[in-house]
Amino acid sequence: MVDLWIAHYYQRRVAHLRKKTRNPRKFYNHRRALYCIRCDYLAEFPSIPLFNGREFETMFRVSKSRFERILQDFAAVSTDFYKHRLPDDKGYTVSFEAKVLLPLKTLAFGVPSHTFRDYFQLSSSQARLCCQKFHTTMISVYLSEYLRLPTAADVKSVLKLHKEKHKVKGMMGSLDCMHCLLRSIASRNRPLGVIDRLV
């Protein structure tokens, strides 16, 4: 009888602890997130967005026109993730704009995907999924245009542009992109190779 009582006590205790440690389900307000995104970044005439032009470029490290092109290209892709879905029973689903802006912002700041989930109203797993889908979609959409190996004509044009801009012959694959002048003459106070100034 005592053994049965102890077993029953431990079962109740374990069930109580499981209920206590389980996080309650969070509901995200996707409608508010879309409203904030449109007010802050994507507002059109007559209202002016809070972060427009240069501020948008500073925030996402991409110009607004380039972002709009990415939106158009992603909308044309036939993946179900970026297709517009009907709202669920609770209200709205994650907006198309949030699915694209979250990965851009995390890439721009170099932070984990869950960092801006409070602004975009996403769970950690949904934010991670947005970044993964953004990565695979970017590769599938822009592979042939931007992510291919350079041709001989591409290399010639890049070297020509480098020479025009910096007045020095460039080398593909070198670290000469720092564009700094090194003092090649050693003096008593300065060792050889001290950087004088950045160009």
Exercise. Out of curiosity, is Ser47 at pLDDT below 75 and polar (S, T, N, Q)?
Worked result: yes
Exercise. Are any residues in the stretch 104-158 of a type in the set (Lys, Arg) and either more than 23 Å from Ala76 (Cβ to Cβ) or assigned to a helix (DSSP H, G or I) (or both), and if so, which ones?
Worked result: Lys105, Arg117, Arg128, Lys133, Lys156
For this session: For the stretch 48-64, name all the residues that are surrounded by 14 or more Cβ atoms within 10 Å (Cβ to Cβ) and out of contact with any Leu (no Cβ under 8 Å at 6 or more places or on another chain).
Result: Phe51, Asn52, Glu55, Phe56, Glu57, Met59, Lys64
Exercise. Can we say Ser113 is modelled with pLDDT under 90 and more than 14 Å from the chain's Cα centre (by Cα)?
Worked result: no
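The values are calculated or read from the model by the stated rules, or taken from the named source; none is laboratory data. Please read these numbers as outputs of a predicted model, since none were measured by experiment. Glycine also receives a Cβ, built like all others from the backbone with ideal geometry; neighbour counts cover every protein chain displayed.
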